[in-house]
């Protein structure tokens with residue numbers, strides 16, 4: 001994994017230093033990286049269309 005990755009917490013995490021949230025980082029090599037803050041060593045590499053499809057599946061609009 002590349003050094004210097006800047007992780008951004010989900011706005012739904014409630015802020016602060018909680019270890020119970022989703023984090024996302026953008027990289028030139030992988031597109032998007034996703035991890036859960038309490039398991040920072042487990043990282044999923046994806047791209048915008050795949051992540052959008054997952055979010056749409058999990059949170060369908062009413």
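Testing the spin-label approximation: label points 7 Å from Cα along Cα→Cβ at residue 44 and residue 58. State their distance in nm.
Each label point is offset 7 Å from its Cα along the Cβ direction, giving 0.6 nm.
Using a 10 Å cut-off around each Cβ, can you sort 21, 59 from fewest to most neighbouring Cβ atoms?
Ranked by crowding around the Cβ, least crowded first: 59, 21.
Under a crude label model (7 Å from the Cα following the beta-carbon direction), how far is residue 24 from residue 7 in nanometres?
About 1.6 nm separates the two model spin labels.
Just so you know, all these numbers are worked out from the coordinates, no wet-lab data involved. Remember, predicted model here, so these are calculated numbers, not experimental data. Every residue, glycine among them, receives a Cβ derived from its backbone with ideal geometry; neighbour counts consider all protein chains shown.
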